[in-house]
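Just below is one structure, and these are the notes that go with it.
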């Protein structure tokens, strides 16, 4: 069975949705959840879902090879970023070419880059009077939100939308499309021996 790991920094609603979807479809399983935030609610979700988790700091991610070695040893078929806020170091990208994906809460290339996440994105979309927003699922490269786009899905931005109401629309798109896209990627990838 294909195996994935998830990196998350916050609540983990996407992580939970992915775990639940894959447990029903049987196409893959989440074997580890990594977080750079010891207080992230995703760790509680991991516990409730009976998935092991690892909390790490910047030294373990960027300066030494703690996280890189854990990933190399576990050999996941796919690394999934689900609300993970740190830039992935090149050594991890190089070790897992086209095996790391991310979801962004806007239609890239607009509203991407450092500091553009969550409500910061939704506020910018509303302030610029955009008529549509959406999600972008893309491969991760060495630059924030610049990897090759896998899919985009959109929703309307209404005149009375707030960052919170737009976030709810975006979450619905994320929860619907991220698990399916992960499954489709895994079905087209050979299993790592």
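Read the figures in this text as sums done on the coordinates, not as results from a lab. These numbers were taken from a predicted model, which means no experiment stands behind them. Glycine also receives a Cβ, built like all others from the backbone with ideal geometry; neighbour counts cover every protein chain displayed.
Based on DSSP, what percent of beta bridges with both residues in the chain are antiparallel, to the nearest 5? Don't skip to the answer; put the middle values down first.
Details: 11 of 28 bridges.
Bridges in the chain are about 40 percent antiparallel.
Apply 1/(1 + (r/R0)^6) to the Cβ-Cβ distance of residue 152 and residue 58, taking R0 = 45 Å, and write down the FRET efficiency to the nearest 0.05. Walk me through the numbers before you get to the answer.
Values: r = 31 Å, r/R0 = 0.69.
It comes to 0.90.
Order of 4-16, 27-39, 106-118 by packing, highest average Cβ count within 10 Å first? Could the numbers behind the result be given before it?
Values: 4-16: 23.1, 27-39: 18.5, 106-118: 16.5.
Those peptides, ordered most packed to least, come out 4-16, 27-39, 106-118.
Could you give the angle, 0 to 90 degrees to the nearest 10, between helix 118-127's Cα long axis and the longest principal axis of the Cα atoms of the chain?
Taking Cα atoms only, the helix is inclined about 20 degrees.
In whole Å, how far is the Cα centre of the range 146-183 from that of the range 1-44?
18 Å
Can you give the extra length, in nm with one decimal, that the chain gains between residue 143 and residue 11 once fully stretched, where that is 0.36 nm per residue apart less the Cα-Cα distance? Working shown, then result.
Values: separation 132, 0.36 × 132 = 47.52 nm, distance 2.41 nm.
Computed gain between residue 143 and residue 11 is 45.1 nm.
Given Cα positions, please report Rg to Rh for the chain, the hydrodynamic radius being the Kirkwood one.
Looking at the chain, the ratio lands at 0.95.
Let me have the relative contact order for the chain, percent, based on Cα pairs under 8 Å that are six or more residues apart. Present the calculation step by step, with values, prior to reporting the outcome.
Working: 332 pairs, mean separation 40.3, N = 193.
Rounded, it is 21 percent for the chain.
Could you calculate the FRET efficiency of residue 165 with residue 38 from 1/(1 + (r/R0)^6), where r is the beta carbon distance between them and R0 is 45 Å, rounded to 0.05? Mind showing how you got there, number by number?
Values: r = 31 Å, r/R0 = 0.69.
Calculated value: 0.90.
Based on the mean of other beta carbon atoms within 10 Å per residue, what is the order of 60-67, 171-178, most packed first?
Highest-to-lowest ranking by the protection proxy: 171-178, 60-67.
Suppose only helical runs count, i.e. DSSP H with n ≥ 4. What mean residue ellipticity at 222 nm does that imply for the chain under -39500 (n - 2.57) per run, divided by all residues and rounded to the nearest 500 deg cm²/dmol? Walk me through the numbers before you get to the answer.
Values: 6 runs with 72 residues, N = 193.
-11500 deg cm²/dmol, from helical runs alone.
With axes computed from alpha carbons, what is the tilt in degrees of helix 163-188 against the longest principal axis of the chain, rounded to the nearest 10 within 0 to 90?
Around 40 degrees separate the two axes.
In nm, to one decimal, how far is the residue 27 label point from the residue 86 one, both placed 7 Å along Cα→Cβ?
3.0 nm
Between helix 13-25 and the chain, what is the angle of the helix's C-alpha long axis to the longest principal axis, kept within 0 to 90° and rounded to the nearest 10?
Roughly 60 degrees, rounded to the nearest 10.
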